[in-house]
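Remarks on the structure that follows.
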Amino acid sequence: MKKRILMISIPALCVLLAVGVFAYQKWLSPRLSLELNGAEACVVEVFSEYQDDGANAYYGGRLFGFQPVDVSERDDLDLSKLGTYTVEYTSRYKDFTLSAIRKVRVVDTTPPTLDCPDEITVYEGKQPQIEYTAIDEYDGDLTGQVQSEREGDVLILRVSDSSGNTVEHRVTIHMIPDTEPPVLTLLGEVECFVRQGEEWSEPGYTALDQADGDISAQVRVEGEVTPDLTGTYLLTYTVTDAAGNSTQAERTVTVYPHLTVSTSTVPANGAVVYLTFDDGPGSYTARLLDLLDEYEAKATFFVTGQFTGYLDLIGDAFSRGHTIGVHTLTHDFAIYSSVSDYFADLGAMEEIVKEQTGSYTDVIRFPGGSSNTVSKNYCEGIMSRLVGMVEEQGYSYFDWNVSSGDTSTTDPDEIFRNVTQGIAGKQASVVLMHDIKPATIEAIPRILDWCLENGYTLAPLSAASPTAHHGVQN
Ligand code: ZN
(Lines give C-alpha, C1' and ligand atoms only; values in the text may rest on other atoms or scores of the structure.)
Protein backbone atom coordinates (compact mmCIF):
# COMPACT_ATOMS: atom_id res chain seq x y z
CA MET A 1 0.00 0.00 0.00
CA LYS A 2 2.68 2.38 1.01
CA LYS A 3 4.62 1.42 -1.99
CA ARG A 4 1.62 2.19 -4.20
CA ILE A 5 1.15 5.57 -2.67
CA LEU A 6 4.81 6.23 -3.20
CA MET A 7 4.53 5.12 -6.78
CA ILE A 8 1.64 7.51 -7.35
CA SER A 9 3.32 10.34 -5.44
CA ILE A 10 6.57 10.42 -7.40
CA PRO A 11 5.03 11.40 -10.73
CA ALA A 12 2.78 13.90 -8.93
CA LEU A 13 5.76 15.41 -7.23
CA CYS A 14 7.58 15.57 -10.47
CA VAL A 15 4.62 17.39 -12.02
CA LEU A 16 4.42 19.70 -9.04
CA LEU A 17 8.09 20.37 -9.25
CA ALA A 18 7.90 21.09 -12.95
CA VAL A 19 4.92 23.36 -12.43
CA GLY A 20 6.80 25.10 -9.67
CA VAL A 21 9.88 25.67 -11.78
CA PHE A 22 7.77 26.82 -14.66
CA ALA A 23 5.80 29.22 -12.49
CA TYR A 24 8.92 30.61 -10.97
CA GLN A 25 10.56 31.16 -14.28
CA LYS A 26 7.40 32.54 -15.82
CA TRP A 27 6.14 34.84 -13.12
CA LEU A 28 8.36 34.93 -10.13
CA SER A 29 12.02 34.98 -11.20
CA PRO A 30 13.67 38.40 -11.29
CA ARG A 31 13.83 39.91 -14.82
CA LEU A 32 14.32 43.08 -16.82
CA SER A 33 11.32 44.83 -18.33
CA LEU A 34 11.13 47.88 -20.67
CA GLU A 35 7.97 49.86 -21.37
CA LEU A 36 7.42 52.79 -23.76
CA ASN A 37 5.61 55.83 -22.48
CA GLY A 38 3.06 56.81 -25.08
CA ALA A 39 2.36 55.22 -28.44
CA GLU A 40 4.72 53.07 -30.50
CA ALA A 41 4.15 55.31 -33.51
CA CYS A 42 3.52 59.02 -33.63
CA VAL A 43 3.16 61.82 -36.19
CA VAL A 44 4.87 65.20 -35.91
CA GLU A 45 4.56 68.37 -38.02
CA VAL A 46 7.77 69.33 -39.79
CA PHE A 47 9.76 72.07 -38.06
CA SER A 48 7.75 71.63 -34.87
CA GLU A 49 9.15 70.87 -31.46
CA TYR A 50 9.14 67.17 -30.63
CA GLN A 51 9.11 66.04 -27.07
CA ASP A 52 9.71 62.31 -26.70
CA ASP A 53 7.81 60.62 -23.89
CA GLY A 54 10.67 58.24 -23.17
CA ALA A 55 10.53 54.71 -21.71
CA ASN A 56 10.87 53.09 -18.30
CA ALA A 57 12.79 49.93 -17.38
CA TYR A 58 12.67 47.82 -14.19
CA TYR A 59 14.48 44.83 -12.86
CA GLY A 60 12.91 42.44 -10.37
CA GLY A 61 10.08 39.98 -9.81
CA ARG A 62 6.95 39.51 -7.77
CA LEU A 63 8.81 37.80 -5.06
CA PHE A 64 11.55 40.34 -4.74
CA GLY A 65 9.91 43.58 -5.93
CA PHE A 66 11.06 45.90 -8.80
CA GLN A 67 13.81 48.42 -9.07
CA PRO A 68 14.17 51.05 -11.83
CA VAL A 69 16.95 50.65 -14.38
CA ASP A 70 18.46 53.30 -16.64
CA VAL A 71 17.22 53.53 -20.23
CA SER A 72 19.46 54.87 -22.96
CA GLU A 73 17.88 56.52 -25.94
CA ARG A 74 19.17 56.89 -29.53
CA ASP A 75 17.42 58.43 -32.53
CA ASP A 76 17.96 59.57 -36.13
CA LEU A 77 15.31 62.29 -35.91
CA ASP A 78 15.50 65.26 -38.31
CA LEU A 79 12.49 67.51 -37.74
CA SER A 80 13.40 69.64 -40.74
CA LYS A 81 12.93 66.78 -43.22
CA LEU A 82 9.89 64.71 -44.03
CA GLY A 83 10.32 60.98 -43.32
CA THR A 84 9.93 58.22 -40.79
CA TYR A 85 12.45 58.10 -37.97
CA THR A 86 13.22 55.72 -35.18
CA VAL A 87 13.77 56.35 -31.50
CA GLU A 88 15.45 53.33 -29.95
CA TYR A 89 15.51 52.68 -26.19
CA THR A 90 17.92 50.26 -24.64
CA SER A 91 18.23 49.03 -21.10
CA ARG A 92 20.90 46.74 -19.63
CA TYR A 93 21.04 45.03 -16.29
CA LYS A 94 23.37 42.18 -15.37
CA ASP A 95 23.21 39.81 -18.33
CA PHE A 96 19.90 41.17 -19.53
CA THR A 97 19.54 43.58 -22.45
CA LEU A 98 16.23 44.88 -23.72
CA SER A 99 15.40 47.35 -26.45
CA ALA A 100 12.28 48.92 -27.85
CA ILE A 101 11.59 51.33 -30.67
CA ARG A 102 9.16 54.08 -31.45
CA LYS A 103 8.43 55.23 -35.04
CA VAL A 104 8.15 58.98 -35.51
CA ARG A 105 6.74 60.24 -38.81
CA VAL A 106 7.54 63.87 -39.74
CA VAL A 107 4.82 65.26 -42.01
CA ASP A 108 3.85 68.57 -43.66
CA THR A 109 0.16 69.39 -43.34
CA THR A 110 0.47 73.18 -43.76
CA PRO A 111 -0.56 74.54 -47.17
CA PRO A 112 1.60 77.18 -48.91
CA THR A 113 0.88 80.89 -48.44
CA LEU A 114 -0.41 82.54 -51.62
CA ASP A 115 0.08 86.28 -51.57
CA CYS A 116 -1.96 88.16 -54.20
CA PRO A 117 -4.54 90.93 -54.47
CA ASP A 118 -8.24 90.23 -54.03
CA GLU A 119 -9.16 92.24 -57.09
CA ILE A 120 -7.44 93.77 -60.08
CA THR A 121 -8.28 96.17 -62.87
CA VAL A 122 -7.67 95.12 -66.47
CA TYR A 123 -8.07 97.12 -69.65
CA GLU A 124 -10.63 95.62 -72.02
CA GLY A 125 -9.08 93.19 -74.47
CA LYS A 126 -6.02 92.62 -72.26
CA GLN A 127 -5.04 89.57 -70.32
CA PRO A 128 -4.92 90.15 -66.58
CA GLN A 129 -1.40 90.66 -65.35
CA ILE A 130 -1.35 89.73 -61.72
CA GLU A 131 1.54 89.72 -59.32
CA TYR A 132 1.65 87.00 -56.72
CA THR A 133 4.02 84.94 -54.63
CA ALA A 134 3.54 81.46 -53.24
CA ILE A 135 5.76 80.41 -50.37
CA ASP A 136 5.65 77.06 -48.64
CA GLU A 137 7.28 76.64 -45.30
CA TYR A 138 8.75 73.31 -46.32
CA ASP A 139 9.17 73.52 -50.14
CA GLY A 140 10.17 77.18 -50.27
CA ASP A 141 9.22 79.41 -53.22
CA LEU A 142 6.43 77.82 -55.26
CA THR A 143 5.54 80.98 -57.23
CA GLY A 144 6.52 79.27 -60.48
CA GLN A 145 4.08 76.43 -59.84
CA VAL A 146 0.97 78.53 -59.36
CA GLN A 147 -1.79 77.49 -61.75
CA SER A 148 -4.41 79.95 -62.85
CA GLU A 149 -7.85 79.36 -64.19
CA ARG A 150 -10.34 81.93 -65.46
CA GLU A 151 -13.97 81.64 -64.50
CA GLY A 152 -15.82 84.64 -65.87
CA ASP A 153 -14.76 87.69 -63.88
CA VAL A 154 -12.77 85.62 -61.44
CA LEU A 155 -9.25 84.34 -61.75
CA ILE A 156 -8.55 81.32 -59.58
CA LEU A 157 -4.97 80.85 -58.47
CA ARG A 158 -4.03 77.49 -57.06
CA VAL A 159 -0.85 75.89 -55.81
CA SER A 160 0.00 72.69 -53.95
CA ASP A 161 3.08 71.76 -52.00
CA SER A 162 4.95 68.47 -52.29
CA SER A 163 2.77 66.94 -49.58
CA GLY A 164 -0.40 67.74 -51.49
CA ASN A 165 -1.54 70.63 -49.33
CA THR A 166 -3.37 73.06 -51.59
CA VAL A 167 -4.21 76.74 -51.30
CA GLU A 168 -6.60 78.59 -53.59
CA HIS A 169 -7.21 82.31 -54.05
CA ARG A 170 -9.97 83.97 -56.05
CA VAL A 171 -9.14 87.28 -57.68
CA THR A 172 -11.98 89.44 -58.96
CA ILE A 173 -11.23 91.09 -62.31
CA HIS A 174 -12.70 94.50 -63.17
CA MET A 175 -12.59 95.27 -66.89
CA ILE A 176 -12.29 98.95 -67.80
CA PRO A 177 -12.00 100.66 -71.19
CA ASP A 178 -8.73 102.38 -72.24
CA THR A 179 -9.71 105.96 -73.01
CA GLU A 180 -6.28 107.55 -72.59
CA PRO A 181 -4.24 108.16 -75.74
CA PRO A 182 -0.62 106.98 -75.75
CA VAL A 183 2.13 109.34 -74.59
CA LEU A 184 4.28 110.14 -77.60
CA THR A 185 7.68 111.64 -76.83
CA LEU A 186 10.04 112.92 -79.47
CA LEU A 187 13.69 112.45 -78.62
CA GLY A 188 16.01 115.27 -79.57
CA GLU A 189 14.82 118.74 -80.52
CA VAL A 190 11.39 119.43 -82.00
CA GLU A 191 13.01 122.12 -84.13
CA CYS A 192 16.09 120.75 -85.83
CA PHE A 193 18.59 122.50 -88.02
CA VAL A 194 20.75 120.82 -90.62
CA ARG A 195 23.25 122.44 -92.87
CA GLN A 196 22.53 121.85 -96.54
CA GLY A 197 24.17 118.66 -97.82
CA GLU A 198 24.80 117.24 -94.37
CA GLU A 199 23.17 114.05 -93.22
CA TRP A 200 19.89 114.11 -91.35
CA SER A 201 18.98 111.23 -89.07
CA GLU A 202 15.79 110.81 -87.09
CA PRO A 203 16.58 111.34 -83.37
CA GLY A 204 13.86 108.83 -82.44
CA TYR A 205 10.73 108.73 -80.33
CA THR A 206 8.95 106.68 -77.70
CA ALA A 207 5.27 105.85 -77.35
CA LEU A 208 3.91 104.51 -74.07
CA ASP A 209 0.32 103.50 -73.57
CA GLN A 210 -1.30 102.76 -70.23
CA ALA A 211 -2.97 99.64 -71.65
CA ASP A 212 -0.59 98.50 -74.40
CA GLY A 213 2.72 99.42 -72.81
CA ASP A 214 5.61 100.34 -75.10
CA ILE A 215 4.22 100.82 -78.61
CA SER A 216 7.16 102.84 -79.95
CA ALA A 217 7.45 100.40 -82.84
CA GLN A 218 3.96 101.37 -84.00
CA VAL A 219 4.71 105.05 -84.49
CA ARG A 220 4.15 106.15 -88.08
CA VAL A 221 6.29 108.98 -89.41
CA GLU A 222 5.04 111.05 -92.29
CA GLY A 223 7.13 113.57 -94.16
CA GLU A 224 10.67 113.49 -95.41
CA VAL A 225 13.76 115.62 -95.10
CA THR A 226 15.82 116.28 -98.19
CA PRO A 227 19.13 117.60 -96.88
CA ASP A 228 20.18 118.75 -100.35
CA LEU A 229 17.30 121.21 -100.59
CA THR A 230 17.05 124.16 -98.25
CA GLY A 231 13.77 124.79 -96.52
CA THR A 232 11.78 123.76 -93.49
CA TYR A 233 10.40 120.23 -93.49
CA LEU A 234 7.54 119.03 -91.33
CA LEU A 235 7.60 115.53 -89.88
CA THR A 236 4.37 114.19 -88.38
CA TYR A 237 4.40 111.31 -85.91
CA THR A 238 1.24 109.36 -85.21
CA VAL A 239 0.61 106.45 -82.89
CA THR A 240 -2.67 104.69 -82.11
CA ASP A 241 -3.27 102.28 -79.25
CA ALA A 242 -5.32 99.07 -79.47
CA ALA A 243 -8.40 100.88 -78.20
CA GLY A 244 -8.11 103.39 -81.05
CA ASN A 245 -6.81 106.38 -79.07
CA SER A 246 -4.35 108.41 -81.16
CA THR A 247 -1.58 110.85 -80.40
CA GLN A 248 0.29 113.05 -82.83
CA ALA A 249 3.49 115.05 -82.61
CA GLU A 250 5.40 117.23 -85.02
CA ARG A 251 8.99 118.08 -85.66
CA THR A 252 10.38 120.66 -88.05
CA VAL A 253 13.73 120.21 -89.70
CA THR A 254 15.22 123.28 -91.27
CA VAL A 255 17.88 122.72 -93.88
CA TYR A 256 19.83 125.95 -93.99
CA PRO A 257 21.96 126.93 -96.93
CA HIS A 258 25.69 126.62 -96.96
CA LEU A 259 27.18 129.40 -98.99
CA THR A 260 30.59 128.74 -100.39
CA VAL A 261 32.66 131.76 -101.25
CA SER A 262 36.25 131.31 -102.25
CA THR A 263 38.34 133.08 -99.62
CA SER A 264 41.16 133.64 -102.09
CA THR A 265 39.02 136.02 -104.13
CA VAL A 266 37.87 138.09 -101.13
CA PRO A 267 40.72 139.68 -99.22
CA ALA A 268 40.41 140.65 -95.59
CA ASN A 269 39.26 144.23 -95.25
CA GLY A 270 39.63 144.84 -91.52
CA ALA A 271 36.01 145.95 -91.13
CA VAL A 272 33.94 145.08 -88.07
CA VAL A 273 30.41 143.72 -87.90
CA TYR A 274 28.43 143.97 -84.67
CA LEU A 275 25.54 141.55 -84.90
CA THR A 276 22.85 142.59 -82.42
CA PHE A 277 19.79 140.56 -81.47
CA ASP A 278 16.76 142.21 -79.87
CA ASP A 279 13.62 140.97 -78.11
CA GLY A 280 14.91 137.60 -76.81
CA PRO A 281 15.91 135.39 -75.23
CA GLY A 282 13.28 133.08 -76.64
CA SER A 283 12.83 129.63 -78.08
CA TYR A 284 15.38 130.10 -80.89
CA THR A 285 18.14 131.71 -78.83
CA ALA A 286 19.78 128.44 -77.73
CA ARG A 287 20.15 127.38 -81.36
CA LEU A 288 21.58 130.79 -82.25
CA LEU A 289 24.16 130.54 -79.45
CA ASP A 290 25.27 127.15 -80.78
CA LEU A 291 25.62 128.55 -84.30
CA LEU A 292 27.66 131.51 -83.06
CA ASP A 293 29.92 129.09 -81.17
CA GLU A 294 30.33 127.00 -84.27
CA TYR A 295 31.73 130.07 -86.05
CA GLU A 296 33.51 131.42 -82.98
CA ALA A 297 31.55 134.62 -83.58
CA LYS A 298 30.64 137.08 -80.82
CA ALA A 299 27.49 139.17 -80.85
CA THR A 300 25.32 141.38 -78.67
CA PHE A 301 21.96 140.54 -77.15
CA PHE A 302 19.61 143.39 -76.23
CA VAL A 303 17.53 141.34 -73.88
CA THR A 304 13.94 141.43 -72.69
CA GLY A 305 11.99 139.62 -69.99
CA GLN A 306 9.14 138.73 -72.34
CA PHE A 307 9.74 134.96 -72.34
CA THR A 308 10.29 134.02 -68.73
CA GLY A 309 11.21 130.41 -69.47
CA TYR A 310 14.34 131.45 -71.37
CA LEU A 311 15.94 133.99 -69.01
CA ASP A 312 18.75 131.58 -68.17
CA LEU A 313 20.00 132.02 -71.73
CA ILE A 314 21.07 135.55 -70.74
CA GLY A 315 23.63 134.04 -68.37
CA ASP A 316 24.44 131.42 -70.96
CA ALA A 317 25.08 134.00 -73.70
CA PHE A 318 27.18 136.11 -71.33
CA SER A 319 29.35 133.16 -70.30
CA ARG A 320 29.91 132.33 -73.95
CA GLY A 321 31.47 135.74 -74.53
CA HIS A 322 28.58 137.76 -75.91
CA THR A 323 27.63 141.23 -74.74
CA ILE A 324 24.39 141.58 -72.80
CA GLY A 325 22.57 144.88 -73.19
CA VAL A 326 19.16 145.91 -71.89
CA HIS A 327 16.35 146.36 -74.39
CA THR A 328 13.27 146.38 -72.13
CA LEU A 329 11.59 144.17 -69.57
CA THR A 330 8.10 144.26 -71.10
CA HIS A 331 8.52 145.59 -74.63
CA ASP A 332 5.37 147.58 -74.03
CA PHE A 333 5.68 151.08 -75.54
CA ALA A 334 3.74 152.38 -72.55
CA ILE A 335 7.14 152.57 -70.82
CA TYR A 336 7.48 155.87 -72.74
CA SER A 337 4.57 157.33 -70.74
CA SER A 338 6.98 159.01 -68.35
CA VAL A 339 10.63 159.15 -67.39
CA SER A 340 9.89 157.18 -64.24
CA ASP A 341 7.98 154.52 -66.17
CA TYR A 342 10.93 154.14 -68.54
CA PHE A 343 13.50 153.82 -65.75
CA ALA A 344 11.31 151.46 -63.76
CA ASP A 345 11.27 149.09 -66.75
CA LEU A 346 15.01 149.52 -67.42
CA GLY A 347 15.83 148.96 -63.75
CA ALA A 348 13.76 145.80 -63.51
CA MET A 349 15.51 144.36 -66.56
CA GLU A 350 18.89 145.36 -65.11
CA GLU A 351 18.12 143.29 -62.02
CA ILE A 352 17.53 140.22 -64.20
CA VAL A 353 20.77 140.93 -66.09
CA LYS A 354 22.64 141.20 -62.81
CA GLU A 355 21.12 137.97 -61.56
CA GLN A 356 22.18 136.24 -64.78
CA THR A 357 25.63 137.73 -65.38
CA GLY A 358 26.73 138.96 -61.96
CA SER A 359 26.76 142.64 -62.94
CA TYR A 360 24.65 145.41 -64.46
CA THR A 361 25.26 146.38 -68.06
CA ASP A 362 26.07 149.83 -69.43
CA VAL A 363 24.84 149.05 -72.94
CA ILE A 364 21.20 149.61 -73.91
CA ARG A 365 18.93 149.88 -76.92
CA PHE A 366 15.64 151.76 -76.75
CA PRO A 367 12.59 149.81 -77.91
CA GLY A 368 12.00 151.17 -81.41
CA GLY A 369 15.43 152.84 -81.34
CA SER A 370 16.21 156.37 -80.17
CA SER A 371 14.53 157.73 -83.31
CA ASN A 372 11.18 156.08 -82.65
CA THR A 373 8.06 158.21 -82.98
CA VAL A 374 5.70 155.72 -81.33
CA SER A 375 6.72 157.26 -78.00
CA LYS A 376 4.96 160.45 -79.10
CA ASN A 377 1.66 158.63 -78.52
CA TYR A 378 2.59 158.27 -74.87
CA CYS A 379 4.60 161.37 -74.04
CA GLU A 380 5.64 164.31 -76.17
CA GLY A 381 9.43 164.85 -76.17
CA ILE A 382 10.21 161.85 -73.99
CA MET A 383 13.05 160.54 -76.20
CA SER A 384 14.85 163.89 -76.11
CA ARG A 385 14.89 163.71 -72.34
CA LEU A 386 15.73 160.01 -72.10
CA VAL A 387 18.78 160.01 -74.39
CA GLY A 388 20.45 162.63 -72.20
CA MET A 389 19.39 161.00 -68.96
CA VAL A 390 20.64 157.51 -69.83
CA GLU A 391 24.03 158.93 -70.84
CA GLU A 392 24.18 160.86 -67.57
CA GLN A 393 23.63 157.58 -65.81
CA GLY A 394 26.58 156.05 -67.63
CA TYR A 395 24.79 154.11 -70.36
CA SER A 396 25.74 153.95 -74.00
CA TYR A 397 22.63 153.55 -76.12
CA PHE A 398 22.85 151.91 -79.52
CA ASP A 399 20.79 152.17 -82.66
CA TRP A 400 21.86 150.42 -85.89
CA ASN A 401 23.12 151.20 -89.35
CA VAL A 402 22.17 147.88 -90.96
CA SER A 403 18.68 146.43 -90.69
CA SER A 404 18.00 142.78 -91.41
CA GLY A 405 14.33 143.56 -92.02
CA ASP A 406 13.45 140.41 -90.14
CA THR A 407 10.33 141.95 -88.63
CA SER A 408 8.83 142.38 -92.09
CA THR A 409 9.92 139.20 -93.87
CA THR A 410 10.06 135.49 -93.08
CA ASP A 411 12.31 134.75 -96.04
CA PRO A 412 15.85 133.87 -94.92
CA ASP A 413 17.19 134.74 -98.36
CA GLU A 414 15.82 138.26 -98.05
CA ILE A 415 17.31 138.63 -94.57
CA PHE A 416 20.65 137.44 -95.89
CA ARG A 417 20.49 139.95 -98.72
CA ASN A 418 19.45 142.84 -96.47
CA VAL A 419 22.27 142.18 -94.04
CA THR A 420 25.07 141.52 -96.50
CA GLN A 421 24.13 144.43 -98.77
CA GLY A 422 23.96 146.65 -95.67
CA ILE A 423 27.37 145.56 -94.39
CA ALA A 424 29.16 145.77 -97.73
CA GLY A 425 31.29 148.88 -97.88
CA LYS A 426 30.98 149.83 -94.19
CA GLN A 427 33.95 149.79 -91.83
CA ALA A 428 31.62 149.33 -88.85
CA SER A 429 28.20 147.76 -89.10
CA VAL A 430 25.72 147.56 -86.24
CA VAL A 431 23.19 145.02 -87.54
CA LEU A 432 19.65 144.94 -86.15
CA MET A 433 18.23 141.43 -85.90
CA HIS A 434 15.75 139.59 -83.68
CA ASP A 435 16.54 136.23 -82.13
CA ILE A 436 12.83 135.47 -81.77
CA LYS A 437 12.47 135.13 -85.56
CA PRO A 438 13.12 131.64 -86.94
CA ALA A 439 13.97 132.97 -90.40
CA THR A 440 16.77 135.01 -88.83
CA ILE A 441 18.29 131.93 -87.23
CA GLU A 442 17.98 130.16 -90.56
CA ALA A 443 19.85 132.95 -92.31
CA ILE A 444 22.61 133.21 -89.69
CA PRO A 445 24.96 130.48 -91.00
CA ARG A 446 24.98 132.07 -94.44
CA ILE A 447 25.50 135.53 -92.97
CA LEU A 448 28.36 134.30 -90.81
CA ASP A 449 29.93 132.43 -93.73
CA TRP A 450 29.67 135.54 -95.84
CA CYS A 451 31.13 137.82 -93.15
CA LEU A 452 34.05 135.54 -92.41
CA GLU A 453 34.81 134.79 -96.01
CA ASN A 454 34.74 138.48 -96.82
CA GLY A 455 37.20 139.32 -94.07
CA TYR A 456 34.86 140.92 -91.54
CA THR A 457 35.54 140.65 -87.86
CA LEU A 458 32.48 139.70 -85.79
CA ALA A 459 32.68 141.54 -82.50
CA PRO A 460 30.46 142.14 -79.47
CA LEU A 461 29.52 145.71 -78.59
CA SER A 462 31.01 147.54 -75.65
CA ALA A 463 30.13 151.00 -74.29
CA ALA A 464 32.91 152.45 -76.47
CA SER A 465 31.75 150.86 -79.73
CA PRO A 466 30.23 152.87 -82.59
CA THR A 467 26.68 153.69 -81.51
CA ALA A 468 25.09 154.22 -84.94
CA HIS A 469 22.71 156.83 -83.51
CA HIS A 470 19.77 157.76 -85.72
CA GLY A 471 18.93 161.09 -84.18
CA VAL A 472 15.97 161.72 -81.89
CA GLN A 473 12.62 162.52 -83.49
CA ASN A 474 10.47 162.99 -80.40
ZN1 ZN B 1 12.48 145.33 -79.83
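The values are calculated or read from the model by the stated rules, or taken from the named source; none is laboratory data. Model, not experiment: these values are computed from the prediction. Methodologically, a virtual Cβ is constructed for each residue, glycine included, from the backbone with ideal geometry; neighbour enumeration extends over all protein chains shown. Surface accessibility is based on the protein's heavy atoms, side chains included, excluding ligands, DNA and RNA. Shrake-Rupley method; radii C 1.70, N 1.55, O 1.52, S 1.80 Å.
Which value, in Å², gives the accessible area per residue of the chain when a 1.4 Å probe is used on the protein heavy atoms? Walk me through the intermediate numbers first.
Working: 24940 Å² over 474 residues.
Ligands and nucleic acids excluded, the result is 53 Å² per residue.
Can you compute the modelled spin-label distance between M175 and D332, with each label point 7 Å from Cα toward Cβ, in nm?
Calculated label separation equals 5.8 nm.
So between T357 and S371, what do we pick up on full extension, going 0.36 nm a residue minus the alpha carbon distance? Walk me through the intermediate numbers first.
Values: separation 14, 0.36 × 14 = 5.04 nm, distance 2.91 nm.
Full extension of this stretch gives 2.1 nm more.
How much of the accessible area of the chain, probe 1.4 Å, is carbon plus sulfur, in whole percent?
Numbers: 12500 of 24940 Å².
Within the chain, the accessible surface is 50 percent carbon and sulfur.
Just flag the trypsin sites (Lys or Arg not before Pro) in region 319-409 sitting in loop per DSSP whose Cβ has no more than 14 other Cβ atoms within 10 Å. Could the numbers behind the result be given before it?
Numbers: sites: R320, K354, R365, K376, R385; in loops: R320, R365.
Sparse-neighbourhood loop trypsin sites (Lys or Arg not before Pro): R320.
What is the distance, in nm, between label points placed 7 Å from the Cα along the Cα-to-Cβ direction at D75 and at D312?
Label-label distance for D75 and D312, simple model: 7.2 nm.
For every helix of n ≥ 4 consecutive DSSP H residues, a contribution of -39,500 (n - 2.57) applies; sum these over the chain, divide by its total residues, and give [θ] at 222 nm rounded to the nearest 500 deg cm²/dmol. Display every interim value, and only then the final one.
Values: 7 runs with 98 residues, N = 474.
The helix contribution divided over the chain gives -6500 deg cm²/dmol.
If you look for lysine pairs in the chain that are eight or more places apart or on different chains, how many of them have Cα atoms under 25 Å apart? Numbers along the way, then the final one.
Working: K26/K94; K81/K103; K298/K354; K298/K426; K298/K437.
Total qualifying Lys-Lys pairs in the chain comes to 5.
Enumerate the residues in region 160-182 having an amide nitrogen under 11 Å from the point lying 7 Å beyond the Cα of Y132 toward its Cβ.
160, 167-172
What size of dipole, in debye to the nearest 20, comes out for region 31-107 about its Cα centre when the only charges are +1 on Lys and Arg C-beta atoms and -1 on Asp and Glu C-beta atoms?
Values: 9 positive and 13 negative charges, 80 e Å.
The calculation lands at about 380 debye.
Please give the Cα centre distance for region 411-474 versus region 303-358, rounded to the nearest Å.
For region 411-474 versus region 303-358, the Cα centre distance is 21 Å.
Only Lys, Arg, Asp and Glu count, each charged at its Cβ (+1, +1, -1, -1), so figure out the dipole size of region 349-474 about its Cα centre, rounded to 20 debye.
Working: 8 positive and 16 negative charges, 57 e Å.
For this selection, approximately 280 debye.
For region 60-127, state which trypsin sites (Lys or Arg not before Pro) are in a DSSP loop and have at most 13 other beta carbons lying within 10 Å of their beta carbon.
Details: sites: R62, R74, K81, R92, K94, R102, K103, R105, K126; in loops: R62, K81, K94, K126.
Those satisfying the criteria are R62, K81, K94.
So if each residue of separation counts as 0.36 nm, and I subtract the Cα-Cα distance between T97 and F22, what length gain in nm does that give? The partial results should precede the final answer.
Details: separation 75, 0.36 × 75 = 27.00 nm, distance 2.19 nm.
Gain on stretching T97 to F22: 24.8 nm.
Just to be sure I understand the model, the point goes 7 Å from the Cα along the line to the Cβ. What's the resulting D52 to S148 distance in nm?
Result: 4.9 nm between the two label points.
I need to check one value: relative contact order of the chain, counting alpha carbon pairs closer than 8 Å and at least 6 residues apart, in percent. Display every interim value, and only then the final one.
Working: 964 pairs, mean separation 49.8, N = 474.
Result for the chain is 11 percent.
Sum up the charges of everything whose Cβ sits under 12 Å from the Cβ of E222, counting Lys and Arg as +1 and Asp and Glu as -1, but leave E222 out. Walk me through the numbers before you get to the answer.
Numbers: positive: R220, R251; negative: E224, E250.
In short, 0.
How much of the DSSP bridge set in the chain is antiparallel, in percent, rounded to the nearest 5? Provide the component values of the computation, followed by the final result.
Values: 62 of 99 bridges.
Bridges in the chain that DSSP calls antiparallel: roughly 65 percent.
Along the charge dipole of region 183-256, pointing to its positive end and built from +1/-1 on Cβ of Lys, Arg, Asp and Glu, which listed residue (F193, A242, G231) has its Cα farthest out?
G231
Let me know the longest stretch in the chain that avoids all GluC sites (Glu not before Pro) found in a DSSP loop with at most 16 other C-beta atoms within 10 Å.
Numbers: sites that count: E40, E49, E124, E131, E137, E189, E198, E199, E224, E296, E380.
Maximal segment without exposed cleavage sites: 381-474.
Residue farthest toward the positive end of the dipole of region 313-458, with Cβ of Lys/Arg at +1 and Asp/Glu at -1: which of F318, T361, V387?
Positive-most Cα among the choices belongs to V387.
For D228 and A464 in the same chain, what is the full-extension length gain: residue separation times 0.36 nm, less their Cα-Cα distance, in nm?
On the way: separation 236, 0.36 × 236 = 84.96 nm, distance 4.32 nm.
Between D228 and A464, full extension yields an extra 80.6 nm.
Note the angle between two axes, namely the Cα long axis of helix 412-423 and the longest principal axis of the Cα atoms of the chain, as a number of degrees from 0 to 90, rounded to the nearest 10.
That helix lies at roughly 50 degrees to the long axis.
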